[in-house]
Every structure is written in structure tokens, then in C-alpha cells.
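What follows is one structure encoded as C-alpha cells, with my remarks underneath.
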Amino acid sequence: MNDDTFVPRDPSPDPRSAVLGVVVSIPEPWAQLFVDWRTKVGDPQAALVPPHVTLLPPTEVSVADRPLISEHLAAVARAHAPFAMHLSGTGTFSPVSEVVFVAVARGIGNCELIANDVRCGPLARSLTYPYHPHVTVAHDVPPDMLDLAYYGLADLDAEFRVDHFTEFEQTPSGAWAVAREYPLTGPPVGRAT
């Protein structure tokens, strides 16, 4: 599987495999705001995909590898410190992909570093598109609804601290359920003086 988006996919017919994703979850009150906007524009993922910044896109893994994957993710979390995230304004991937997103204005580098570390070892995989941290707010909707999300959230400004990342597992219904949270406990990154 090499699809970088959290969209419904048929459950694996093999009970020995699972589909995982790793994300920075968006906290309240912004999470509900994004769910409301996805619902408003008719996005079919509104009720299935919690608002997030992707670190590892949906990836099929062997259930037998889950302990190794958990150890790997815990090690990644221990290597990275909590960080500030600032979401501001909207963007689009059009014409490559008809997606509207809220932009990550601060925390991009942190997400890139964590994502690179997550996508190693037992979770090594390539990406269809270059990694670009963002929060999807409209996908698979008509052009007028893409515009509504783009302009309606253009003034959004949200700041919060990221102190963990979350491993999700896809359920048979296509929804994503929290499997485990990994606290970021690495040393703070020093600033040049």
C-alpha cells in the first residue's frame, strides 16, 4: 500500500495484518472545529478521520511485528522533545490533488524530523508525494466546497504544544482508532546564542 492519505480502504482480508498511521493529533477546541468544517463541506472523512498532522501515512504491517513497531515508536518519541505548533491559514495541493488544508506555520521542522525517524526500521516506506505537514480540511468534495473551506478557514490561527504523537489503527468500518500515544521525552533542542 502506498497511499499517503487517511481514506477508507477495504480491511485486509488477512487477519495477520493491520493498517497503522502515526499522527500529531489536533487538540480541542480546534479538533471539533475541523470536524465541523469537514462535515460542512461534505467531506466523507469527517466522521472517520480525527484531525491530525500525518507523520506516517496508512501503512499495512504484520500483526506479529506490532511489539517491534511499538518499541520503535517509543524510541523515536524518546529522541524528540515537545514542541510548539502554530496552524495558520489555508493552502491547497491543487491541481496535483484536490485537497484544502490548514497550514503548519510553526513546527514543520519538528514534524519532518519525527516523520523521518518514524519511517525507518520496521515502518520504513516510501511516500507517493514529498512530505508536507498540514491538516486536511476538505478532500473528495466538489470545487465550490473546496473554495468554501479554503476561504472559510483562511484566517484560522491556532497555537498549542505538542507533547506526544499518536499511533492509529484502522478499524473494519474504515474509521481510525487510537492504538497508543507516545510521549515526547527527548532533550530540548538548544538555541544558538
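Some values worked out for this structure:
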item: Gained length - GLN32 relative to TYR131, 0.36 nm times residue gap less alpha-carbon distance; result: 33.1 nm
item: In nm, spacing of pseudo-spin labels at GLU71 and ALA175 (7 Å Cα→C-beta vector); result: 3.3 nm
item: Given charges at Cβ of Lys, Arg, Asp, Glu: the chain dipole, positive-most of THR171, ALA81, VAL19; result: ALA81
item: Relative contact order [Cα under 8 Å, 6+ residues apart], the chain, whole percent; result: 32 percent
item: Cut-off of 10 Å, at most 12 other beta carbons, DSSP loop: longest stretch of the chain lacking such trypsin sites (Lys or Arg not before Pro); result: 17-190
item: Where a label projected 7 Å from the Cα of VAL189 along Cα→Cβ would reach, residues of the stretch 120-155 with amide N under 19 Å; result: 120, 131-135
item: Only Lys, Arg (+1) and Asp, Glu (-1) charged, at Cβ; the stretch 17-183 dipole about Cα centre in debye; result: 360 debye
item: Distance between modelled label sites at ARG16 and ARG106, nm, 7 Å Cα→Cβ extension; result: 4.9 nm
item: Linear extension gain, ASN116 paired with ARG78, 0.36 nm per residue minus alpha-carbon span; result: 12.2 nm
item: The chain: radius of gyration over Cα atoms, expressed as a fraction of 2.2 N^0.38 Å; result: 1.01
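None of the figures in this text is laboratory data; all of them are computed from the coordinates on show. This is a predicted model, so every value here is computed, not measured. Cβ sites come from the backbone with ideal geometry, for glycine too, and all protein chains shown count toward neighbours.
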